[in-house]
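Please read the structure below before turning to the comments.
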Amino acid sequence: MGFQFPFSLSWKDYLPFDLSGTDADTTYAPETGGEVRDILRLKNGTAVTLRAAHAGDAERIQQLVRGLSLESRYHRFFYPLQEVPPDMLARFTLSDPTGAMTLLAVIQRDGQEIAIGMAQYVADPYPVSGEFAVLVADEWHRSGLGTRLIQTLICVARAAGIMRLQGDVLAENEPMVRLMVSMGFELDTHADGAYLWKASKMLEAPEWNCSPLTILARQAKAGAMRGSRASVA
C-alpha cells in the first residue's frame, strides 16, 4: 500500500452526517503571459508537470478523485465519498498563495492532460499558518510524487510568507507518519481523538532545492504587502 495522504481544509464540513531522486525544469515566459510550470521526472522516468490549478481544472480534479480506490478516498477525505462536492471543488481550483493555493501534478495521456496528484493549503490566518493536504492517484504511489508535492507546497507556502504548515494525519497511516517525521514535521495529539495526529512544521529554509513555482508566491506576497501598506495609509 502506498502513502495515503492527509485531508484537512475543514473536512468535517463535508461529512454526510452533519524529492529526492527527481529531476526538474521549468518554463516561464512573463513577456508572453506564459504559465509557470515545473517539470520533474519520477523514479520510473515519467515526466510530470507541476503547476497552479485554475478554474478549467475542475473536471480534471473530479476525475482524479473518482479514480481513487475506496481505501484512498477514505484516507484522503476521512469518508469514501464518490466525488468532490461543488463548493469543495471550487476551492480546489483556487491558486492564491496568500489565501487558498492548489498545486496540480499532470501528465500527458492520449493527447490530454490528466491529473495524477494535487496538494493544497489554505492560509488560516495568513501569514501565521496554513492547513495542508496532499493526494496522489493509486497507480502513482511509491513513485516519489507525494514527496515532491509536499516539498513544493512547503517552498511555495514559505515564499508566500506563511510561517507554519499543519495538517491532519491518520494514526494508522504509518507510511505517512514516517514521511512527516522525515520531513521535519512535529506530530501532536489531536483534539478529535487518538485516531488522528496533528502534523505541523515551522517553514524554515528547506534542505532541498525549491521549485521555480515559488515565483507565484513571491509575486502574491509582494501584492499582499502593497495592499497592507495601502490600507494603513
> What distance in nm separates the simple spin-label points at residue 218 and residue 55, each placed 7 Å from Cα in the Cβ direction?
Replying inline: 2.9
> What does the highest-first list of 200-213, 131-144, 88-101 look like by mean Cβ count within 10 Å?
Replying inline: 131-144, 88-101, 200-213
> Between residue 174 and residue 83, 0.36 nm times their residue separation minus their Cα-Cα distance comes to what?
Replying inline: 30.2 nm
> In Å², what does the accessible area per residue of region 105-233 work out to with a 1.4 Å probe?
Replying inline: 47
> At a probe size of 1.4 Å, how large is the accessible area of residue 225, to the nearest 10 Å²?
Replying inline: 100
> How far apart, in nm, are two points set 7 Å out from the Cα along the Cα-to-Cβ line at residue 44 and at residue 189?
Replying inline: 4.2
> Going out from 0 in 10 Å bins, what whole percent of all Cα-Cα distances in region 75-233 drops into each bin?
Replying inline: 10, 37, 37, 13, 3, 0
> For residue 130, which sequence-distant residues (separation of 5 or more, or a different chain) have an amide H within less than 5 Å of its own amide H, given hydrogens modelled in the peptide plane?
Replying inline: 124, 164, 165, 166
> Rounded to the nearest whole Å³, what is the per residue volume of the convex hull around the Cα atoms of region 149-194?
Replying inline: 82
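The values are calculated or read from the model by the stated rules, or taken from the named source; none is laboratory data. Everything numeric here is computed off the predicted structure, so don't read it as measured data. In this analysis, Cβ positions are derived from the backbone assuming ideal geometry, glycine residues included, and neighbour counts consider all displayed protein chains. Quick note on the areas: whole protein, heavy atoms, side chains included, nothing else; ligands and nucleic acids left out. Shrake-Rupley method; radii C 1.70, N 1.55, O 1.52, S 1.80 Å.
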